[in-house]
Ligand code: F6P
C-alpha cells in the first residue's frame with residue numbers, strides 16, 4: 001500500500017489530533033503517502049483533501065478538537081454518496097483509509113469497503129466509550145476528567161447552599177461518562193440509560209438521607225437516561241421535596257473540548273500507529289482497540305453491532321459509597 005487517507009468523523013473527541021499525528025508519522029516511516037480529508041466523509045465526497053507530511057502534524061498532540069475538522073454526513077449514508085467518495089479516493093490512488101470516529105462512522109467505513117473494495121481500519125474516537133471490543137475510546141478519559149472537575153466545583157456551591165444538584169453529562173445512548181464521573185466525584189446517585197431509572201427509589205433514598213441531616217447532594221444524570229433529562233428528573237424530585245432547593249447544570253459540549261490528558265494522547269498514539277501497520281499488513285474492516293495492555297483488532301461488524309457493557313460492579317460501588 002503506497003497511499004492512504006485519514007479522516008476524523010462524527011463527534012470530535014480530545015486525542016483525535018494525536019491519532020492523526022500517529023497515523024501520518026507511522027505511514028511516512030513506512031514510505032506511504034497520506035492525504036487528510038477535511039470534515040470526515042463530507043470532505044471525502046467533496047474531494048477536500050490535503051497531503052500530510054510528518055511536519056504538518058507538528059505541535060498538535062496536545063490540542064483538543066480535530067484540526068482536520070469533522071462532520072456527521074447524511075449523504076454518505078446513501079450508496080450514491082459513498083460511490084462519489086470512493087471515486088475521489090481512487091482518482092488519487094488511495095487504497096486504504098483510517099477512520100477515527102464512533103459507531104456511525106464505522107458503519108459508513110464498512111459499507112465503503114464492501115461496496116468499493118477500499119481497505120479500511122477504524123480507530124475508536126468518541127467521548128462516549130460505547131464501542132464494543134475496546135476498553136477505552138480516544139477522548140473518554142479526558143471527558144471524564146473535565147466532568148469531574150466541573151462537578152467538584154458544583155459540590156462547593158451545593159454544600160454552601162444546602163442544595164440538591166442534578167448534573168447532566170453527555171452520553172446519548174451510554175452511561176459510561178456518568179458512571180465514572182459519579183464515582184470520582186462522590187455523587188449521591190447516578191442515572192444511566194443502561195439501567196431503568198426508578199424515581200421513587202431515588203426519592204426514598206433522598207428522604208432517608210434527609211432524615212440523617214444531609215442537606216446537599218449531587219445526582220449525575222446521563223443525557224440519554226430513560227427517566228428523562230436532568231431537568232425532567234429534577235422537576236419530579238422537587239415535587240416530593242417542596243422545601244428543598246434543587247438545581248440543574250447541563251455540562252454539554254465543554255466535555256468534548258479541551259486538551260487531551262496523557263492517557264488519551266498515549267492511547268491515540270498507539271491506536272493510530274497500529275491502524276497504519278494493520279493496513280500495511282493487509283488487514284481490513286477492523287477496529288483497533290485496547291484490551292488490558294494489548295492492542296487488539298476487532299471486526300467492524302462486531303464493534304458496530306454489539307454494545308460495550310457497563311460494569312455491574314461499578315454500579316454497585318456508586319450505591320455502596322453514596
Ligand atoms: O457521541 C458523542 C456525543 O458527544 C454524545 O455524547 C452526544 O449525545 C452527542 O455526541 C452530541 O452530538 P452533537 O455535538 O452533534 O450535538
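None of the figures in this text is laboratory data; all of them are computed from the coordinates on show. Bear in mind that the values here come from a model prediction, so they are computed numbers and not experimental data. Here the Cβ positions follow ideal geometry from the backbone for every residue, glycine too, while neighbour counts run over all protein chains shown.
I'd like the FRET efficiency for residue 313 and residue 135, computed as 1/(1 + (r/R0)^6) with the beta carbon distance as r and R0 of 25 Å, rounded to 0.05.
0.95
Using the alpha-carbon atoms, what tilt in degrees (0 to 90, nearest 10) does helix 262-280 show relative to the longest principal axis of the chain?
Once rounded, one gets 30 degrees.
When a footprinting reagent is the concern and you count Cβ atoms within 10 Å, what order do 264, 31 take, fewest first?
Lowest to highest Cβ neighbour count: 31, 264.
Ranked by Cβ crowding within 10 angstrom, fewest neighbours first, how are 45, 121 ordered?
By the 10 Å Cβ count, ascending: 45, 121.
With labels modelled as points extended 7 Å from the Cα through the Cβ direction, what inter-label distance (nm, one decimal) is found for residue 54 paired with residue 232?
Here the modelled spin labels are 5.3 nm apart.
Angle, helix 230-240 long axis vs. longest principal axis of the chain, Cα atoms, 0 to 90°, nearest 10?
10
Please arrange 195, 35 by counting, for each residue, the other beta carbons lying within 10 Å of its beta carbon, fewest first.
Fewest-to-most ranking of 195, 35: 195, 35.
If you project the alpha carbons of the range 223-320 onto their three principal axes, what span does each projection cover, largest first, in Å?
65, 29, 25
For the range 1-101, what does the relative contact order come out to in percent, with C-alpha contacts under 8 Å and a separation of six or more?
Rounded, it is 44 percent for the range 1-101.
Note the angle between two axes, namely the Cα long axis of helix 312-321 and the longest principal axis of the Cα atoms of the chain, as a number of degrees from 0 to 90, rounded to the nearest 10.
30
Just the ratio, please: alpha-carbon radius of gyration of the range 122-253 over 2.2 N^0.38 Å, N its number of residues.
Rounded to two decimals, the normalised Rg is 1.05.
For the range 141-256, what is the relative contact order in percent, using Cα pairs closer than 8 Å and at least 6 residues apart in sequence?
Relative CO of the range 141-256 lands at 40 percent.
Quickly work out the residue 153-to-residue 277 label distance, labels modelled 7 Å from Cα along the C-beta direction, and quote it in nm with one decimal.
Taking the simple label geometry, residue 277 and residue 153 are separated by 4.1 nm.
Between residue 244 and residue 87, what is the spin-label point distance in nm, taking each point 7 Å from the Cα along the Cα→C-beta axis?
6.2
Label the range 20-75 by shape, choosing from rounded, prolate and oblate, from the square roots a ≥ b ≥ c of the eigenvalues of the Cα gyration tensor; if a/c is under 1.5 it is rounded, and otherwise prolate applies when a/b is larger than b/c, oblate when it is not.
Since a/c reaches 1.5 but b/c is at least a/b, the shape of the range 20-75 is classed as oblate.
Pairs of Cα atoms under 8 Å, at least six residues apart: use those to get the relative contact order of the chain, whole percent.
Once normalised by length, the contact order is 24 percent.
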